[in-house]
Amino acid sequence: MILKLLAERLAEIGRAGLLRRRFARQGPQGPRIAVDGREYLAFCSNDYLGLANHPRIVKAAVEAAERHGVGQGASHLLSGHSVVHERLESALAQFVRMPRALHFSSGYQANIGAIGALAGPEDTVFSDALNHASLIDGARLSRARVVRYPHLDLGFLDEALASSMGGGKVVVTDAVFSMDGDIAPVAALLELCERHDALLLLDDAHGFGVLGAQGRGTPAHFELSSPRIVYVGTLGKAAGVSGAFVAGTQDVVETVLQRARTYIYTTAAPAMLAAAVEASLELIRTEEWRRERLRSLVASLKRALPGIGLKPSDTPIQPLVLGANAAALHAAANLRERGILVPAIRPPTVPEGTARLRISLSAAHGEQDVSRLAAVLRELCASGAEAHV
């Protein structure tokens, strides 16, 4: 019975146009990738600064593997915490200019762990309606009362914070929203948190390394600093490696260390990855040309695609909202036939009726790459290959 039920559920996912398929990339991440022996121009990764295959980062990982091995063998609180992790945490805290940082194996673990550590059944979590799944799951698993406020609706949030009585309050939000590329109004959110005595947890997965002076993230972009900010940075996107970190005051980070189940009960990430992130941080800090090129490419794409439904963003995330699931799948297939990979994003990743192509740019792209993408999209529009493009 259960096997038949699973088969029926999978069939329903397929009929709704929501079945996901993987492809096996051959070779390293980059602006061009090989799949099934064919090279594609790829706009489907979050390697925003083009660091995922940088030789200095690769060298740092190899040297650390030779010195420390490839596995930690234990959680951080047993014997898995190495001097490399310790050094990285200090470097991360210094980089984002916060008192302390704690390294996690993934952004998902960091968000779930931090929310669960900072909020419990007696508290309230206020969550933006378009938050990443890891924030949503973290709020649910915390067993706190959850108030879901409409996307960027500060008036609603203000009233909800004011009416919440008893316990602690934690506002959680993406700093850069992963599917629309819009930037949260962090200054206004922080003002609300100060007025209503709340913490502000910022998931800066798509801002770290990209926004702010030297890529220090969204708070730096707004020139903000506050002990109320709990900062979550991801190291598998602009940093080009893997993992994540939580930064904040000494008490906030110690609370996360002591209470986050996703930190306490998991094997530490390999020291070789921590060493790779150390090398990446130096490149992020010193190579401003990568962010300059990224801004230039974003501007070029927006200029090249007026009037075809692009939802412009000031970040590397440029969504082309098509509406129906079939429309997004059809558009992605047409692009793939022409040698270009852009993912079709569908519910539940985005709300019903907002299926889209999610174009993501990298500093490793060239102007000619963006011109080619824009030309093909205009061709599809002119030919009627996709009614909504």
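Just so it is clear, none of the values below were taken in a lab; they were calculated from the coordinates. For clarity, every value in this text was computed on a predicted model and none was experimentally measured. Virtual Cβ from ideal backbone geometry, glycine too; neighbours counted across all protein chains shown.
Loop-located GluC sites (Glu not before Pro) in the stretch 277-380 (DSSP state not H, G, I, E or B) with no more than 14 neighbouring Cβ atoms inside 10 Å: GLU352. Note on the chain: with charges restricted to the Cβ of Lys and Arg (+1) and Asp and Glu (-1), its dipole about the Cα centre is near 1040 debye. Students often get this wrong: which residues of the stretch 192-235 have the backbone nitrogen under 14 Å from the point 7 angstrom along Cα-to-C-beta of ALA162? Those under the cut-off are 192-193, 195-197. Once you keep just the Cα pairs under 8 angstrom separated by 6 or more residues, what percentage relative contact order results for the chain? For the chain, the relative contact order is 22 percent. Can you tell me the length gained on complete extension of the stretch VAL35 to ASP251, counting 0.36 nm per residue apart and subtracting the Cα distance? Additional length available on full extension: 73.1 nm. For the chain, modelled as a GNM whose springs connect Cα atoms under 10 angstrom apart, the maximal fluctuation among ALA117, ALA238, ALA133 occurs at ALA133. Between the alpha-carbon centres of the stretch 254-316 and the stretch 54-130 there is a gap of 15 Å.
For ALA238, the residues whose modelled amide H falls within less than 5 Å of its own, excluding neighbours fewer than 5 places apart on the same chain, are TYR48. Each residue, ALA129 and ARG97, gets one label point 7 Å from its Cα in the Cβ direction; the gap between the two is 3.5 nm. Look at the dipole of the stretch 191-343 built from charges on Cβ: of VAL246, ALA269, PRO316, the Cα furthest out on the positive end belongs to PRO316. Placing unit charges on each Cβ (+1 for Lys and Arg, -1 for Asp and Glu) gives the chain a dipole about its Cα centre, and among ALA326, SER82, ILE183 the Cα reaching farthest toward its positive end belongs to ALA326.
Normalised by the residues of the stretch 214-343, what does the relative contact order come to in percent, with Cα pairs under 8 Å and at least six apart?
16 percent
Cross-link partners of LYS302 among lysines, defined as those whose alpha carbon lies under 20 angstrom from its own and excluding same-chain residues fewer than eight positions apart: LYS311.
Take the Cβ-Cβ distance between ARG56 and GLN26 as r, set R0 to 25 Å, and report the resulting FRET efficiency rounded to the nearest 0.05. Rounded to the nearest 0.05, the efficiency is 0.60.
Charging the Cβ of each Asp and Glu at -1 and of each Lys and Arg at +1, and nothing else, the dipole of the stretch 249-389 about its Cα centre rounds to 380 debye.
Looking at the chain, the DSSP beta bridges with both ends there are about 55 percent antiparallel.
Fully extended, how many nm does the chain gain between SER226 and GLU122 (0.36 nm per residue separation, minus their Cα-Cα distance)?
Computed gain between SER226 and GLU122 is 35.0 nm.
If the viscosity is 0.692 mPa s and the temperature 37 °C, what Stokes-Einstein diffusion coefficient in µm²/s follows for the chain when Rh is the Kirkwood radius over Cα pairs? The diffusion coefficient I find is 150 µm²/s. Over the stretch 184-339, the reciprocal of the mean inverse Cα-Cα separation, the Kirkwood hydrodynamic radius, stands at 18.3 Å. Between ALA7 and ARG378, the modelled label-to-label distance comes to 5.1 nm, taking each label 7 Å out from Cα in the direction of the beta carbon.
A dipole drawn for the chain from +1 and -1 charges on Cβ atoms has a positive end, and of GLY339, GLY37, ALA363 the residue lying farthest that way is GLY37.
Per-residue ellipticity at 222 nm computed for the chain from its helices equals -13000 deg cm²/dmol, with DSSP H segments shorter than 4 residues left out and the rest contributing -39,500 (n - 2.57).
Only bridges with both residues in the stretch 55-286 count here: give the DSSP antiparallel percent, nearest 5.
Numbers: 11 of 29 bridges.
The antiparallel proportion sits near 40 percent.
Remark: relative contact order (the stretch 49-119) = 13 percent; criterion is Cα-Cα distance under 8 angstrom and separation of 6 or more residues.
Note on the stretch 55-286: with charges restricted to the Cβ of Lys and Arg (+1) and Asp and Glu (-1), its dipole about the Cα centre is near 560 debye.
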